[in-house]
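The block underneath contains the structure these notes are about, expressed in structure tokens.
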């Protein structure tokens, strides 16, 4: 068995049963394709590399055969490889061209088939296969009017793109995880297609003085995983939290304090959303911030006052939105947690509440155990937060 086959599905099965043709063209970013192919395989995909001659000058085909476990297509032969994979009955589910040069983009638009990759693309367009491009080139090329027009023309034909990172005067290869996420979205089941989702995630802070804050141990991992899973399932996603963005396709609103969270969430929901998901640990109290730094060395008394519950404000202002609440408890048995979750269901008029006991795990950990509670049933899920997010979103889709 080829070593690559041993890692297949080691990070999940979101791409299980899918064949992805990875087209590699002559950008220096081709050196990232070994890592990209391996990550696709780890998600369960079968990967077939196709390389142009210019791509082979940067990355040797042996490296891609090692990365994928499959012989690399370096030229078209009597096996008509482009038809075998990307024809009407071809075995490919997606043609991913990464990196994709300005030269290749132009050739695809004008139907010029003088490389292996452009022939695969022409065939895929004709058979209406899914195509995803990852442009990579110098900034001056990316911003060339004719390249922009070519990109717009391909978008009009339904071709997808992964936005490059713009830095150091170049349109650079994005993070491999972001490319994988876009592949998962393109090949996903579409359980939330057409839905607009706002997710609040992680902890907020309340200022004590110019240095100190009140907060909690919530890491935001669950919220970020749920945002990615909603995106995989083809929803339009906005996440509100105190972290950097997850992916270009997911709208990111960065906030720090509870007040900023309230303002951002309520302002965003005014734009019209279907779902509001709350795996966040927002501060329940606030206080008057000291204008001066508080000196240490002596006892300090803080006067805390309760804050309005954001979830209750959302329910009052947006009575038609579906709310999926997360309810954290400490040292409480399952029976009691289910009872309290069902009470929350009634209070919010929701179809699902996710409950968990954070005494041992949950806050800041990679794994968790949750109870997904509806009026009719309870589903218990344990494991990595990515897996929990997958099941939670699956249950949300069933409930809608």
Segments classed as strands (runs of 3 or more DSSP E), wholly inside the range 266-366, with at least 3 members that are in contact (Cβ under 8 Å) with a residue 40 or more places away in the chain, touching a strand residue (DSSP E or B) at 6+ places or on another chain (Cβ under 9 Å) and closer than 22 Å to residue 225 by Cα:
275-278, 322-329
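Here's the yes/no breakdown for (1) under 23 Å from residue 176 (Cα atoms); (2) crowded, with 19+ Cβ neighbours inside 10 Å; (3) in the same structural domain as residue 307 (by TED's automatic domain parsing):
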site: 239; (1), (2), (3): yes, yes, yes
site: 245; (1), (2), (3): yes, no, yes
site: 264; (1), (2), (3): no, no, yes
site: 267; (1), (2), (3): no, no, yes
site: 276; (1), (2), (3): no, yes, yes
Looking at (1) part of a helix (DSSP H, G or I); (2) modelled with pLDDT under 95, which is the only condition residue 89 fails?
(1)
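Do the conditions hold for residue 64, that is, is it more than 27 Å from the chain's Cα centre (by Cα) and either outside the structural domain of residue 153 (by TED's automatic domain parsing) or closer than 24 Å to residue 164 by Cα (or both)?
Considered against the rule, which asks whether it is more than 27 Å from the chain's Cα centre (by Cα) and either outside the structural domain of residue 153 (by TED's automatic domain parsing) or closer than 24 Å to residue 164 by Cα (or both), residue 64 comes out as no.
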Verdict on residue 387 being closer than 17 Å to residue 220 by Cα and either assigned to a helix (DSSP H, G or I) or in contact with a helix residue (DSSP H, G or I) (Cβ under 9 Å, 6 or more places away or on another chain) (or both)
yes
Apart from one, (1) exposed (fewer than 14 other Cβ atoms within 10 Å of the Cβ); (2) under 17 Å from the mean Cα position of the chain (by Cα) all hold for residue 294; the odd one out is (2)
So, residue 192, is that one assigned to a loop (DSSP other than H, G, I, E, B), touching a residue at least 40 places away in the same chain (Cβ under 8 Å) and buried (at least 18 other Cβ atoms within 10 Å of the Cβ) or not?
yes
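Of the residues 152, 124, 136, 98, only one is assigned by TED's automatic domain parsing to the domain that holds residue 183, over 23 Å from the mean Cα position of the chain (by Cα) and crowded, with 19+ Cβ neighbours inside 10 Å; which?
Details: 152 fails: crowded, with 19+ Cβ neighbours inside 10 Å; 136 fails: over 23 Å from the mean Cα position of the chain (by Cα); 98 fails: over 23 Å from the mean Cα position of the chain (by Cα).
Only one candidate passes the filter, namely 124.
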Within the range 205-241, how many residues turn out to be out of contact with any strand residue (DSSP E or B) (no Cβ under 8 Å at 6 or more places or on another chain) and part of a strand (DSSP E or B)?
0
If residue 6 satisfies every condition in (1) closer than 21 Å to residue 71 by Cβ; (2) part of a loop (DSSP other than H, G, I, E, B); (3) out of contact with any helix residue (DSSP H, G or I) (no Cβ under 9 Å at 6 or more places or on another chain) but one, which is the exception?
(2)
Scanning the range 372-384 residue by residue, those touching a helix residue (DSSP H, G or I) at 6+ places or on another chain (Cβ under 6 Å) and either buried (at least 19 other Cβ atoms within 10 Å of the Cβ) or without any contact (Cβ under 8 Å) to a residue 24 or more places away in the chain (or both) turn out to be 372, 373, 381
Can residue 145 be described as surrounded by fewer than 23 Cβ atoms within 10 Å (Cβ to Cβ), modelled with pLDDT of 95 or more, in the same structural domain as residue 92 (by TED's automatic domain parsing) and farther than 26 Å from residue 22 by Cα?
yes
Among the residues of the range 158-178, write down those that are closer than 18 Å to residue 108 by Cβ and in contact with a strand residue (DSSP E or B) (Cβ under 7 Å, 6 or more places away or on another chain).
159, 160, 161, 162, 164, 171
Tally of residues being touching a residue at least 24 places away in the same chain (Cβ under 8 Å), within 25 Å of residue 234 (Cβ to Cβ) and in a helix (DSSP H, G or I) across the range 127-167:
3
Right, residue 47: in contact (Cβ under 8 Å) with a residue 24 or more places away in the chain, within 17 Å of residue 30 (Cα to Cα) and surrounded by 20 or more Cβ atoms within 10 Å (Cβ to Cβ) or not?
yes
Would you mind stating whether residue 260 is closer than 22 Å to residue 190 by Cβ and part of a helix (DSSP H, G or I)?
no
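The values are calculated or read from the model by the stated rules, or taken from the named source; none is laboratory data. Since the model is a prediction, treat every value here as computed from it, not as a measurement. Positions of Cβ are generated from backbone atoms using ideal geometry, with glycine treated the same way; all protein chains shown enter the neighbour counts.
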